[in-house]
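The structure appears right after this line, and notes come after that.
Each value in this text was obtained by applying a stated rule to the coordinates, not by laboratory testing. All of these numbers come straight from a predicted model, not from anything done at the bench. Neighbour counts are summed over all protein chains in view; Cβ atoms, including those assigned to glycine, are modelled from backbone coordinates with ideal geometry.
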Amino acid sequence: MEPVDYFAIQNLVYTYAAKIDAGDFDAVGAMFEHADVWFPGDKEPTSKKGKNIMGRMMHEWTRRYPETGNPRTRHVTTNLIIEPDGPNKARGQCYVVVFQQTPAFKLQPVIAGTYIDRFEKVDGKWRFSERREVMDLIGDLSHHLLQPFGPG
């Protein structure tokens, strides 16, 4: 891998966070169009559930606030590690902490965990080929999600 590949993959990971926080769930779906995505508790990846499922799931699961059009969150991704994984392939992982604030909900972290990713370079462009979300620190998601998630 060349240094430019590391930057492209890094930008891909960080663009995901920006698109989620902007409430652009269709763009998120497009980013994962060719990827298997495993959410906590999944028995099979989202790709088995249909095309562009990631975007549809974001629409079904994530609350957007009318005054902003977004979920009023900040996905902070840190400790990104990227490693080559064969020709035109790479793997990576990073920590994520999601902060949220609404008019009725003070600024606080609501969930944290690890994204474990695989990437592939197709036609000169890097894309996600797999994501596994491991969420092991779960706070108050009542203002973030439209459906129950987590223990209890």
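Here is how the numbers come out for the structure above:
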read-out: Among 130, 67, 33: highest mean-square fluctuation, GNM of the chain, C-alpha pairs under 10 Å; value: 67
read-out: Estimated dipole of the chain in Debye, rounded to 20 [Cβ of Lys and Arg +1, of Asp and Glu -1, Cα centre]; value: 280 debye
read-out: Amide N proximity, region 123-139 versus residue 5 label position 7 Å along Cα-to-Cβ, cut-off under 11 Å; value: 126
read-out: Radius 12 Å from Cβ of residue 119, net charge of other residues (Lys, Arg +1; Asp, Glu -1); value: +1
read-out: Principal-axis tilt of helix 3-22 within the chain, Cα atoms, nearest 10 degrees; value: 20 degrees
read-out: Radius of gyration, Dmax [the chain; alpha carbons; angstrom]; value: 15.4, 49
read-out: Fluctuation leader among 117, 24, 136 - the chain, Gaussian network, Cα springs under 10 angstrom; value: 136
read-out: For region 99-104, Karplus couplings with θ = phi - 60° (6.51, -1.76, 1.60), whole Hz, Gly/Pro x; value: 9, 9, 8, 10, x, 10
read-out: Fully extended contour minus Cα-Cα distance, from residue 93 to residue 114, at 0.36 nm per residue; value: 6.9 nm
read-out: 13 Å cut-off, amide nitrogen to a point 7 angstrom out along residue 34 Cα→Cβ, residues in region 87-113; value: 88-90
read-out: Among 106, 89, 121: highest mean-square fluctuation, GNM of the chain, C-alpha pairs under 10 Å; value: 106
